[in-house]
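Asker: I have a structure I would like to understand better, so I am pasting it below and will then ask my questions one at a time.
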Amino acid sequence: MTAHRFAIFVSAATLVLLFAGGLVTTTASGDAVPDWWFVPVSFGSLLPPMTGGVLFEHGHRLVASTVGLLTIALAVLLWRTEDRAWVRRLGWLAVFGVAAQGTLGGLRVHHVGSPAVIAIIHACFAQIFFGTVVTLAIVTSRGWRTETPVAEPTWLPWVATACCGVVYLQIILGAVRRHTGQWIDVHAAFAGIVTLAVLLAAAECLRRGRFRRTATALVSLLFAQILLGLWSYVLVRGGFVRSVNASALDTVVITGHLALGGLVYALSVALAVRSWRVFRVPAACRTLAGEAAL
């Protein structure tokens, strides 16, 4: 398997991990298992009785360990086959990221510091790791090597990067809401700014005739995310109680809102990374663009 295809596989596994981690919070299973080590062991066993919250908490650990091993394998594959040093370093950075993420999860289990703060950091850092493996999938693709940069002034890389930042800020607001129960209206209202940022980035892609499929997918996922967000908002305002006994549909909707948000972020990262690659404007063009602005 090529590094590109393997990176796509790791990205897909990471998306599954985001959903599995979200299920832990949605079902209030974070304290179902009191022990934690760097191996997926709960109650001293690799396969404890998978009942109640243990099903979600230990299941999350199994998926996380799998993603960790896959990330190490990806880094080794890049180290052996990749000729670009910065890509190899990015692969090892991903390994560091998944190890740090696992450590944050362990700190949450052992209640080191504020559980809510650790949980928020854990949730937000998960998206950074997701963005890293998605970036690895992009830069190892054939298109990354063969696509010819366009030497023309454009705001697309900056717009795409700003869009990525706005989406990530919304992820932070969502993490605060999930782990503190606060800022639900702030999170809902900020969705309007996210929508504007995504539409502006997509419009610039269409205007430039570049990344149309990515832009279309990003807009489509955004509106699906808005629908899930409205559904989740109604459920929470209606008194949804986090529990392993909650409705399966409600649990999937609320957790799916988190995972789909991660996918929107991943696409915005992909758009930003690819736009900086294609629109690599020479210094002379940047000077001309600056003079034209004056």
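Asker: Quick one: would you say HIS58 is more than 18 Å from the chain's Cα centre (by Cα) and buried (at least 19 other Cβ atoms within 10 Å of the Cβ)?
Answerer: On the way: more than 18 Å from the chain's Cα centre (by Cα): yes; buried (at least 19 other Cβ atoms within 10 Å of the Cβ): yes.
Criteria met by HIS58.
This table checks each residue for (1) of a type outside the set (A, V, I, L, M); (2) buried (at least 20 other Cβ atoms within 10 Å of the Cβ).
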position	(1), (2)
GLY91	yes, yes
VAL95	no, no
THR103	yes, no
SER114	yes, no
VAL117	no, no
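Asker: Is it true that some residue in the range 62-78 is buried (at least 19 other Cβ atoms within 10 Å of the Cβ) and either assigned by TED's automatic domain parsing to the domain that holds VAL241 or closer than 20 Å to PRO115 by Cα (or both)?
Answerer: yes
Asker: Test PRO49 against the stated conditions and say whether it is loosely packed, with under 14 Cβ neighbours inside 10 Å, under 20 Å from LEU107 (Cβ atoms) and not assigned by TED's automatic domain parsing to the domain that holds VAL244. Break it down stepwise before answering.
Answerer: On the way: loosely packed, with under 14 Cβ neighbours inside 10 Å: yes; under 20 Å from LEU107 (Cβ atoms): no; not assigned by TED's automatic domain parsing to the domain that holds VAL244: yes.
Answer is no for this residue.
Asker: Then there is this: Can you pull out the helices (runs of 4 or more DSSP H) entirely within the range 176-294 that have at least 3 residues that are modelled with pLDDT of 95 or more? Explain how you work it out, then say what you get.
Answerer: Working: elements: 184-208, 212-237, 248-278, 283-293.
Output list reads 184-208, 212-237, 248-278.
Asker: Restricting attention to the range 179-201, and to residues there that are in contact with a Leu (Cβ under 8 Å, 6 or more places away or on another chain) and closer than 29 Å to VAL24 by Cβ, which single residue is surrounded by the fewest Cβ atoms within 10 Å (Cβ to Cβ)?
Answerer: VAL186
Asker: Out of (1) modelled with pLDDT under 90; (2) assigned to a helix (DSSP H, G or I); (3) under 28 Å from ARG207 (Cα atoms), the odd one out for GLU152 is which?
Answerer: (2)
Asker: Here is a list of conditions, (1) buried (at least 17 other Cβ atoms within 10 Å of the Cβ); (2) of a type outside the set (Lys, Arg); (3) in contact with a Leu (Cβ under 9 Å, 6 or more places away or on another chain), and PHE9 meets all of them except one; can you say which number that is?
Answerer: Every condition holds for PHE9 apart from (1).
Asker: Out of all the residues in the range 230-274, which are of a type outside the set (Val, Ile, Thr), more than 12 Å from the chain's Cα centre (by Cα) and either surrounded by 22 or more Cβ atoms within 10 Å (Cβ to Cβ) or not assigned by TED's automatic domain parsing to the domain that holds VAL186 (or both)?
Answerer: Just the residues of the range 230-274 that are of a type outside the set (Val, Ile, Thr), to begin with: 230-233, 235, 237-240, 242-243, 245-250, 256-263, 265-268, 270-272, 274.
Still in the running and more than 12 Å from the chain's Cα centre (by Cα): 230-233, 235, 237-240, 242-243, 245-250, 256-257, 271-272, 274.
Once the filter is applied, which keeps residues that are of a type outside the set (Val, Ile, Thr), more than 12 Å from the chain's Cα centre (by Cα) and either surrounded by 22 or more Cβ atoms within 10 Å (Cβ to Cβ) or not assigned by TED's automatic domain parsing to the domain that holds VAL186 (or both), the range 230-274 yields SER232, HIS257, LEU271, ALA272, ARG274.
Asker: Next question. Against the conditions (1) surrounded by 17 or more Cβ atoms within 10 Å (Cβ to Cβ); (2) under 20 Å from the mean Cα position of the chain (by Cα), where does GLU204 fall short? Just the number, please.
Answerer: Among (1) surrounded by 17 or more Cβ atoms within 10 Å (Cβ to Cβ); (2) under 20 Å from the mean Cα position of the chain (by Cα), the lone unmet condition for GLU204 is (2).
Asker: Within the range 6-29, is even one residue hydroxyl-bearing (Ser, Thr, Tyr), at pLDDT below 90 and over 28 Å from GLY181 (Cα atoms)? Don't jump to the end; show me each part of the working.
Answerer: Within the range 6-29, the subset hydroxyl-bearing (Ser, Thr, Tyr) is 11, 14, 25-27, 29.
When the remaining residues are screened for being at pLDDT below 90, the result is none.
No: zero hits.
Asker: May I ask you to say which residue of HIS122, HIS111 is farther than 24 Å from LEU271 by Cα, assigned by TED's automatic domain parsing to the domain that holds ARG5 and in contact with a Lys or Arg (Cβ under 9 Å, 6 or more places away or on another chain)?
Answerer: HIS122
Asker: Something else: Right, LEU156: outside the structural domain of SER65 (by TED's automatic domain parsing) and crowded, with 19+ Cβ neighbours inside 10 Å or not? Working first, answer last.
Answerer: Values: outside the structural domain of SER65 (by TED's automatic domain parsing): yes; crowded, with 19+ Cβ neighbours inside 10 Å: yes.
The answer is yes for LEU156.
Quick grid of which residues meet (1) modelled with pLDDT under 90; (2) within 25 Å of GLN170 (Cα to Cα):
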residue: PRO34; (1), (2): yes, no
residue: THR51; (1), (2): yes, no
residue: ALA73; (1), (2): no, no
residue: LEU78; (1), (2): no, no
residue: ALA85; (1), (2): no, no
residue: GLY102; (1), (2): no, yes
residue: HIS110; (1), (2): yes, no
residue: VAL117; (1), (2): no, yes
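Asker: Please verify whether the range 3-21 includes one or more residues that are without any contact (Cβ under 8 Å) to a residue 40 or more places away in the chain and touching a Pro at 6+ places or on another chain (Cβ under 8 Å).
Answerer: Taking the range 3-21 as the starting set, the residues that turn out to be without any contact (Cβ under 8 Å) to a residue 40 or more places away in the chain are 5, 12.
Cutting the leftovers down to touching a Pro at 6+ places or on another chain (Cβ under 8 Å) gives us none.
The answer is no, given that none of the residues of the range 3-21 is without any contact (Cβ under 8 Å) to a residue 40 or more places away in the chain and touching a Pro at 6+ places or on another chain (Cβ under 8 Å).
The values are calculated or read from the model by the stated rules, or taken from the named source; none is laboratory data. On a predicted model such as this, the values are computed, not experimentally measured, just so you know. Methodologically, a virtual Cβ is constructed for each residue, glycine included, from the backbone with ideal geometry; neighbour enumeration extends over all protein chains shown.
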